[in-house]
Every structure is written in structure tokens, then in C-alpha cells.
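Participant: Starting off with a structure, shown below.
Laboratory data are not the source of any read-out in this text; all were calculated from the coordinates shown. Quick caveat: nothing in here was measured; it's all calculated off a predicted structure.
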Amino acid sequence: AISPESMPVRGADAAPALAAPAAALVKKSKWDDDGTGGTGVPDWIRDLVPKPKEGPKPPLGVPAGKFKIIKLEGLQVRALIGKGGETIKDIRARSGADIKIEHVP
């Protein structure tokens with residue numbers, strides 16, 4: 001009887017240790033990613049490529065982990081403030097958070 005274990009191994013399965021490192025080191029051109037964390041854009045054209053937008057930074061003295069900006073719709077802001085501002089006052093009192101609402105028309 002023939003079992004899969006008795007069959008000879010061919011192709012890429014025969015020497016996986018030899019095939020993988022050689023393929024990982026091959027670069028097609030000088031702009032291929034070399035693993036250094038580059039942007040993939042050549043130096044001579046990098047100033048023409050738009051830079052990714054950075055999010056807002058926390059104010060001085062506030063750790064980045066404790067600073068968050070949340071964008072809400074008008075109805076959500078209304079629910080956050082509550083009747084006469086009592087909901088937002090309660091949140092500020094319980095958490096000690098500094099909550100600022102910027103209304104952009």
C-alpha cells in the first residue's frame with residue numbers, strides 16, 4: 001500500500017530552509033523596501049509627495065494616553081450636555097475630566 005508519508009518530496013517542500021532566505025534577500029530595484037522602514041519613495045522626489053496628516057497633539061503637561069478628541073453630531077452633543085448642562089457637569093464632577101466642546105457651524 002502507498003501512503004502519503006512514503007511518497008518522495010519534490011519542489012519547494014524539499015528544501016524549505018534553503019529556498020526562503022535566498023528569496024527574502026532579493027531586491028528587484030534600488031527602491032524596493034529594504035526593511036529599514038523607509039517610505040518607498042526615492043530621496044530626490046520625497047519633498048513632492050504629500051505628508052500624512054498628523055492628528056491633534058495633547059496640550060503641554062497632559063500625557064498622550066489621557067487626551068482624546070471625539071467628533072459628535074449635533075444630537076449627540078445635545079445629549080452630552082443634557083438639560084441645563086447637568087449631564088456634562090455630572091461627568092466632569094465624577095471623572096475630573098476637562099471637557100471642551102467646539103461648535104463648528
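Participant: With the Cα gyration tensor of segment 49-105 giving a ≥ b ≥ c as the square roots of its eigenvalues, does the rule (a/c under 1.5 for rounded; else a/b larger than b/c for prolate; else oblate) give rounded, prolate or oblate?
Facilitator: Details: a/c = 3.53, a/b = 1.52, b/c = 2.33.
Verdict is oblate for segment 49-105.
Participant: How large is ³J(HN,Hα) for each residue in segment 88-105, as worked out from phi by the Karplus curve 6.51 cos²θ - 1.76 cosθ + 1.60 (θ = phi - 60°), to whole Hz, x for Gly and Pro?
Facilitator: Working through the residues one at a time gives 5, 5, 5, 4, 5, 5, 6, 9, x, 7, 9, 9, 10, 10, 9, 9, 10, x Hz.
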